[in-house]
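*Asks:* One structure, as structure tokens, below. Some questions next.
The values are calculated or read from the model by the stated rules, or taken from the named source; none is laboratory data. What you see is a predicted model, and the numbers here were worked out from it, not measured in a lab. When we count neighbours, we look across all protein chains shown, and the Cβ atoms used for this are built from the backbone with ideal geometry, even at glycine.
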Amino acid sequence: MKVLVVGSGGREHAIIKKIKENSSVEKIYACPGNGGIARDAECVQISATDIDGITAFAVENRIDYCVVAPDDPLVLGLVDALEEKGISCFGPRKNAAIIEGSKVFSKNLMKKYGIPTAKYEVFNDIEKALEYVKTAPVPTVIKADGLALGKGVIIAGTREDAEDAILSIMKEKKFGKSGDNIVIEEFLTGPEVTVLAFTDGKTVKPMVASMDHKRAGDYDTGLNTGGMGTIAPNPYYTKEIAAECFEKIFIPTINAMNKEGRTFKGCLYFGLMLTPDGPKVIEYNWRFGDPETQVVLPLLKSDLLTVMQSVTDGTLSETEVEFSDKSACCVIMASEGYPVSYEKGYEITLPDDLLPDVYVAGAKKDGDRLLTNGGRVLGVTAVEADMGDAVKAAYSKVDRISFANAYYRHDIGAKALACREVK
Ligand code: AMP
Ligand code: GLY
């Protein structure tokens, strides 16, 4: 089989490594991939958003199966375009990818179908939004409607901050057109859990729950990032909470999308907050999370490609999706200054024996050398029987990797370990 994976991050690297375990796979291409992915797949220099270019490549090279991982090509309809050419895909069609493409859509969907989420109001008028925050409780949460690379969320601690946030999103267009509409919502508290779930539109099979560490600095300080590290399983997500989420959130979401005529197939990302009033949805993403994938897939015991194909074929109910009961920790090594501004082009020293556990996100090849080429450079994962050992092992691997201006958080897993001690 020839498989094409669209995307260029650590998540795509994790997907590629797992797909490679299937013995029927003869060739994997990545569009566009990166310098680290190039060790595991043939990278083809076509941008992930070049829908015509990728479709033409897939047809010419007789691709049997395509995994579309990032948001942008999903929202642009890459799955629809490939399916029209008879190529099977993992990922939702355009009309279902809207669940992530528009926060207004997903909030309205949750309200209509009684799926628990933060209370909210939608605004397309600056004056009305400014008027509303004069009396809204603070902190308050302000979100740009469209895709903003995970950065379109501002938590305003005071009314002045809320006004500034509205002006920067709606007037100064800090996040571009995605700020034409905004959602202002209630500030929730509680531990955060990410649950990735396979679904073929009929059956939902949740993967092991994980915990992201979104802020740039140790102990959740600094700016929000795409994610600085992850652990799985998430100890806050007990069997009881999992059952409640399945019944009140996962199944109702799939049913709601079916009723809206937007059946979705692929990996649904539930960003949940376990509030004192029960689990609530913070966000949906219609894709694998990054760096959640780098801890979840290493724990998957079942064959990933088989599971993905069953999602495409609508036979997920008959397919086993089994996870190991071990623990995983992934520490992201970034370039100092991420997520704002950072230098790149520095050589990465990476011992060969660590390659199986390293998921490269932002690096390019320069002959035999690997150079930093992004904010998040790579993720280092360790899997051990015990969570404490997984955290230690991930950090001792990090100690053996170096590049100029490397930056990483030192507390990945600390919250999970503390929670386990309390229990
Ligand atoms: P999002 O891009 O929607 O996942 O938001 C990014 C981060 O902002 C989340 O992971 C939360 O930590 C935080 N956040 C988003 N919405 C809320 C909310 N309603 N209450 C508290 N924190 C929130
Ligand atoms: N790690 C957060 C995300 O993938 O959206």
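*Asks:* Contact list please: Cβ distance under 8 Å, first residue in the range 309-336 and closer than 23 Å to residue 87 by Cβ, second residue surrounded by fewer than 18 Cβ atoms within 10 Å (Cβ to Cβ) and at pLDDT below 95, pairs at least six apart or on different chains.
*Replies:* none
*Asks:* Inside the range 292-320, can you point out the residues that are crowded, with 17+ Cβ neighbours inside 10 Å and more than 17 Å from residue 14 (Cα to Cα)?
*Replies:* Going through the range 292-320, the residues crowded, with 17+ Cβ neighbours inside 10 Å turn out to be 292-300, 303-305, 307-312, 316, 319.
Across the range 292-320, the qualifying residues are 309, 310, 311, 312, 316, 319.
*Asks:* In the range 392-414, which residue that is part of a strand (DSSP E or B) and of a type outside the set (A, V, I, L, M, F, W, C) is farthest from the chain's Cα centre (by Cα)? Working first, answer last.
*Replies:* If we filter the range 392-414 for residues that are part of a strand (DSSP E or B), which is where we start, we get 402, 406-407.
Keeping just the survivors that are of a type outside the set (A, V, I, L, M, F, W, C) gives 402, 407.
Values: 402: 26, 407: 21 Å.
Step by step, filter the range 392-414, then rank; the result is 402.
*Asks:* Here is a further query. Determine whether residue 71 is in contact with a Leu (Cβ under 7 Å, 6 or more places away or on another chain), within 19 Å of residue 294 (Cα to Cα) and of a type in the set (Asp, Glu).
*Replies:* In short, yes.
*Asks:* Quickly run through the range 349-378 and pick out the residues that are polar (S, T, N, Q) and more than 25 Å from the chain's Cα centre (by Cα).
*Replies:* Of the range 349-378, the ones polar (S, T, N, Q) are 349, 372-373.
Passing the criteria: only 349.
*Asks:* A further question on this structure: Just one of the numbered conditions (1) touching a Ser or Thr at 6+ places or on another chain (Cβ under 7 Å); (2) more than 24 Å from residue 25 (Cβ to Cβ); (3) within 16 Å of ligand 2 (Cβ to nearest atom) is not true of residue 294; which one?
*Replies:* If we test residue 294 against (1) touching a Ser or Thr at 6+ places or on another chain (Cβ under 7 Å); (2) more than 24 Å from residue 25 (Cβ to Cβ); (3) within 16 Å of ligand 2 (Cβ to nearest atom), just (2) comes out false.
*Asks:* Go through the range 19-58 residue by residue and tally those that are farther than 26 Å from residue 296 by Cα, in contact with a Leu (Cβ under 9 Å, 6 or more places away or on another chain) and hydrophobic (A, V, I, L, M, F, W, C).
*Replies:* Adding up the residues that qualify gives 5.
*Asks:* With 176, 152, 229 as the choices, which residue is small (Gly, Ala, Ser) and in contact with a Pro (Cβ under 9 Å, 6 or more places away or on another chain)? Show your work before the answer.
*Replies:* Numbers: 176 fails: in contact with a Pro (Cβ under 9 Å, 6 or more places away or on another chain); 152 fails: in contact with a Pro (Cβ under 9 Å, 6 or more places away or on another chain).
The conditions single out 229.
*Asks:* (1) touching a strand residue (DSSP E or B) at 6+ places or on another chain (Cβ under 9 Å); (2) at pLDDT below 95: which one isn't true of residue 368, the others all being true?
*Replies:* (1)
*Asks:* Name the one entry in 226, 222 that is touching a strand residue (DSSP E or B) at 6+ places or on another chain (Cβ under 9 Å), on the phi > 0 side of the Ramachandran plot and either of a type outside the set (Lys, Arg) or within 16 Å of ligand 2 (Cβ to nearest atom) (or both). Walk me through it before giving the result.
*Replies:* Numbers: 226 fails: on the phi > 0 side of the Ramachandran plot.
Step by step, each of 226, 222 is checked, and only 222 is touching a strand residue (DSSP E or B) at 6+ places or on another chain (Cβ under 9 Å), on the phi > 0 side of the Ramachandran plot and either of a type outside the set (Lys, Arg) or within 16 Å of ligand 2 (Cβ to nearest atom) (or both).
*Asks:* What are the residue pairs meeting all of these: first residue in the range 267-278, first residue farther than 13 Å from residue 246 by Cβ, second residue among the basic types (Lys, Arg) and in a loop (DSSP other than H, G, I, E, B), Cβ atoms under 8 Å, and 6 or more apart or on different chains?
*Replies:* Hits for this filter: 267/287; 269/287.
*Asks:* Turning to a different aspect of this structure: Please state which of the following conditions residue 216 fails to meet, knowing it meets all the rest: (1) of a type in the set (A, V, I, L, M, F, W, C); (2) within 16 Å of ligand 1 (Cβ to nearest atom); (3) not in a strand (DSSP E or B).
*Replies:* (3)
*Asks:* What's the number of the condition residue 332 fails, among (1) among the aliphatic types (A, V, I, L, M); (2) within 16 Å of ligand 2 (Cβ to nearest atom); (3) part of a loop (DSSP other than H, G, I, E, B)?
*Replies:* (3)
*Asks:* Moving on to the next point. Where the second residue is assigned to a helix (DSSP H, G or I) and away from ligand 2 (no atom under 16 Å from the Cβ) and the first is touching a residue at least 60 places away in the same chain (Cβ under 8 Å) and farther than 16 Å from residue 205 by Cα and lies in the range 227-243, which pairs have Cβ atoms under 8 Å and are six or more apart or on separate chains?
*Replies:* 231/387; 231/390; 231/391; 232/299; 235/387; 235/419; 235/420; 236/419
*Asks:* Follow-up. Go over the candidates 175, 198 one by one and state the one that is at pLDDT below 95, touching a strand residue (DSSP E or B) at 6+ places or on another chain (Cβ under 9 Å) and away from ligand 1 (no atom under 11 Å from the Cβ).
*Replies:* Working: 198 fails: at pLDDT below 95.
Exactly one of 175, 198 is at pLDDT below 95, touching a strand residue (DSSP E or B) at 6+ places or on another chain (Cβ under 9 Å) and away from ligand 1 (no atom under 11 Å from the Cβ), namely 175.
Yes/no matrix, rows are residues, columns are (1) acidic (Asp, Glu); (2) in contact with a helix residue (DSSP H, G or I) (Cβ under 9 Å, 6 or more places away or on another chain); (3) under 28 Å from residue 204 (Cα atoms):
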| residue | (1), (2), (3) |
| --- | --- |
| 304 | no, yes, yes |
| 309 | no, no, yes |
| 317 | no, yes, yes |
| 320 | yes, yes, yes |
| 334 | no, no, no |
| 350 | no, no, no |
